[in-house]
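Every read-out reported here was derived from the displayed coordinates using simple, explicitly stated rules and does not represent laboratory data. Predicted model, so just to flag it, every value in this text is computed and none were measured. Glycine also receives a Cβ, built like all others from the backbone with ideal geometry; neighbour counts cover every protein chain displayed.
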Amino acid sequence: MNPIDASLDEVDVFTTGAVGRPGQRTFFLQMSGESSRFFVKCEKMQVAAISQYLMSVLQDLPPADERPIASSMTLSTPSDPAFVLGRIALGYDTHNDRLILELAEMGETEDDELENLGRIRLSITRGQATAFCEHADAAVSAGRPPCHWCDGVVDPDGHVCPRMN
């Protein structure tokens, strides 16, 4: 099977979400545009890192004129993921006023092997980036609540708190 190598210059949807119960969630990035739709399996911390970086870039730019409607930020039921997310590259194209994300498949880190990995490059507006950050932060924080005694996570089935013996 050939690795995915896609470039989306006109992105209709860029969002994230999780499937499963808190503590057992699987996170996905979803992107679509130019008659293509992709799901990329990822870690919660990767979603948080993308959001954090995008927010830091957005702080230096004018506020977005338009944002996607809230309903377009809901993750569709993920089909087979294009790949599992590994390397993430983020940048800003000043000429086109777009944020650029390159998502690469997890795999070997040696240069020879990188050519055989999947890659999706997307170009999003400031509004799409802002909406992604807000939605991503909500998705990341929607997990298991922290224990107010020990700050450990409380599972739906209970929690053994070391401070409460």
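In whole angstrom, note down how far apart the Cα centers of the range 16-90 and the range 114-165 are.
The range 16-90 and the range 114-165 have Cα centres separated by 11 Å.
Tilt of helix 44-58 relative to the longest C-alpha principal axis of the chain, in degrees (0 to 90, nearest 10)?
Tilt of helix 44-58: around 60 degrees.
Projected onto the charge dipole of the range 5-141 (+1 at Lys/Arg Cβ, -1 at Asp/Glu Cβ, origin at the Cα centre), which of 59, 36, 139 gives the Cα projection farthest towards the positive end?
Positive-end residue among those listed: 139.
Please build a GNM for the chain, connecting alpha carbons under 10 Å apart, and tell me which residue among 81, 145, 22 fluctuates the most.
Of 81, 145, 22, the most mobile in the Gaussian network model is 145.
Could you list 13, 19, 40 so that the one with the fewest beta carbons within 10 Å of its beta carbon is first and the one with the most is last? Working shown, then result.
Working: 13 19, 19 13, 40 24.
Listing 13, 19, 40 from fewest to most nearby Cβ atoms yields 19, 13, 40.
If you place +1 on the Cβ of every Lys and Arg and -1 on the Cβ of every Asp and Glu, how big does the dipole about the Cα centre of the chain come out, in debye to the nearest 20? Before the final figure, lay out the partial values.
On the way: 13 positive and 25 negative charges, 180 e Å.
Using Cβ point charges on Lys, Arg, Asp and Glu, the chain gives about 860 debye.
Could you work out the mean projected area of the convex hull around the alpha carbons of the chain, in square nanometres to one decimal? Write out the running numbers ahead of the final one.
Values: hull surface 49.7 nm².
With the hull built on Cα positions only, its mean projection is 12.4 nm².
For the range 1-48, what is the convex hull volume of the alpha-carbon atoms per residue, in Å³?
Numbers: hull volume 5.0 nm³, N = 48.
Looking at the range 1-48, the number lands at 105 Å³ per residue.
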